[in-house]
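The values are calculated or read from the model by the stated rules, or taken from the named source; none is laboratory data. Everything quoted here is computed from the prediction, not taken from an experiment. Every residue, glycine as well, gets a Cβ built from its backbone with ideal geometry; the counts of neighbours run over all protein chains shown.
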Amino acid sequence: MSEQIFSLLNKRILILDGAMGTMIQRYKLEESDFRDESLANHTKPLKGNNDLLSFTRPDVIKAIHAQYFDAGADIIETNTFSGTTIAQADYELGAEYVWKINYESAKIAKEVALEYTAKNPDKPRFVAGAMGPTNRTASISPDVNDPGYRAVSFDELKAAYKEQVRGLIEGGADILLVETIFDTLNAKAALFAIDEFMEESGKRYPVMVSGTITDASGRTLSGQTTEAFLISMQHAPLMSIGLNCALGASALRPYLQVLSAHAPFAVSAYPNAGLPNEMGQYDESPQAMAKQVEEFCKEGLVNILGGCCGTTPDHIKAIAEMAAKYAPRRLNASAN
């Protein structure tokens, strides 16, 4: 599977799926949808904990994956953005649910991927195990009066990520995607956990890393420039490095240029559908977004292209049809 993915990266721009949360919102789910028999008496409200839907409403998650494959996606992400003990602690859910979230999410995604690959073997479909940044940062104090305080340690992050990796791989994920990175130290803990799991299992899996630029300063939340972020991640044998979320496509372009010029890996991009309006909604049309990301393709900046917040299967379809006209970024192991 790894050889197949790497081979395709040299042939064409691979298409990643779009937003999961945006699509879940369309179903207008209620509190009962986020509970199964084991959670019937859980005292904490669970509505909004979308990762649970992989086993409380698997029909919804399967349908969303299928819509993205129909739109032309080569890779779909598992419904596991908050699938760590650290993130699930907000809902007072422990390790047993974390494993179940990741295992069931990967299992569902893999089932749909295999179904679509069987329909068209010339276009194999893959599953990326999504590993979100957690809701804590290892580099910054949440208390302005105590700058030395940290709400989480590196070891705690590593342990949480390792449990997530185990569930994702056992469920059938082909790729591991450490995404929406706002703190590079968190990402390093994730990569350490992945490496440790691979050493223990004796198997290697492709790894994608995707950071997020938080504003027009061009830095991550923990203060790194794009080039510094790349240098910090470059020690790992990655399949790809890229950027997602926070900014719309046009604002992301100069930072992708930095990655494209220096990264010895494939480069990915999955921006938001523009910036949110005053109601928090994303108004950018599929055609407008495709036109913006076309600049990435014309310049030969990317190998993997998709969408983040606000994007839908319509956005991915427009992006896929546009990207099919362009060659992927040339992979250059000697970049520095």
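Structure values in brief
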quantity: Enumeration of residues in segment 277-299 that are surrounded by 15 or more Cβ atoms within 10 Å (Cβ to Cβ), free of Cβ contacts under 8 Å to residues at least 60 places away in the same chain and part of a loop (DSSP other than H, G, I, E, B); calculated: GLU284
quantity: Among the candidates LEU39, LEU29, residue that is in contact (Cβ under 8 Å) with a residue 12 or more places away in the chain and within 24 Å of THR312 (Cα to Cα); calculated: LEU29
quantity: ILE304 in contact with a helix residue (DSSP H, G or I) (Cβ under 8 Å, 6 or more places away or on another chain), hydrophobic (A, V, I, L, M, F, W, C) and either buried (at least 24 other Cβ atoms within 10 Å of the Cβ) or farther than 19 Å from LEU8 by Cβ (or both); calculated: yes
quantity: Residue match in segment 140-149 (condition: without any contact (Cβ under 8 Å) to a residue 12 or more places away in the chain, more than 26 Å from ILE15 (Cα to Cα) and charged (D, E, K, R)); calculated: yes
quantity: Qualifying residue in segment 313-328 (condition: assigned to a loop (DSSP other than H, G, I, E, B), modelled with pLDDT of 95 or more, touching a Gly at 6+ places or on another chain (Cβ under 9 Å) and surrounded by 15 or more Cβ atoms within 10 Å (Cβ to Cβ)); calculated: yes
quantity: Subset of segment 121-156 that is in a loop (DSSP other than H, G, I, E, B) and among the aliphatic types (A, V, I, L, M) - its residue that is nearest to the chain's Cα centre (by Cα); calculated: ALA138
quantity: Segment 32-84: number of residues that are aromatic (Phe, Trp, Tyr) and either outside any helix (DSSP H, G or I) or touching a Cys at 6+ places or on another chain (Cβ under 9 Å) (or both); calculated: 1
quantity: Among (1) closer than 15 Å to GLY83 by Cβ; (2) loosely packed, with under 15 Cβ neighbours inside 10 Å - the single one PRO142 does not satisfy; calculated: (1)
quantity: From the options LEU259, LEU252, residue that is modelled with pLDDT under 95, crowded, with 21+ Cβ neighbours inside 10 Å and in a helix (DSSP H, G or I); calculated: LEU252
quantity: Selection count where residues are surrounded by fewer than 22 Cβ atoms within 10 Å (Cβ to Cβ) and of a type outside the set (Lys, Arg), scope segment 159-174; calculated: 5
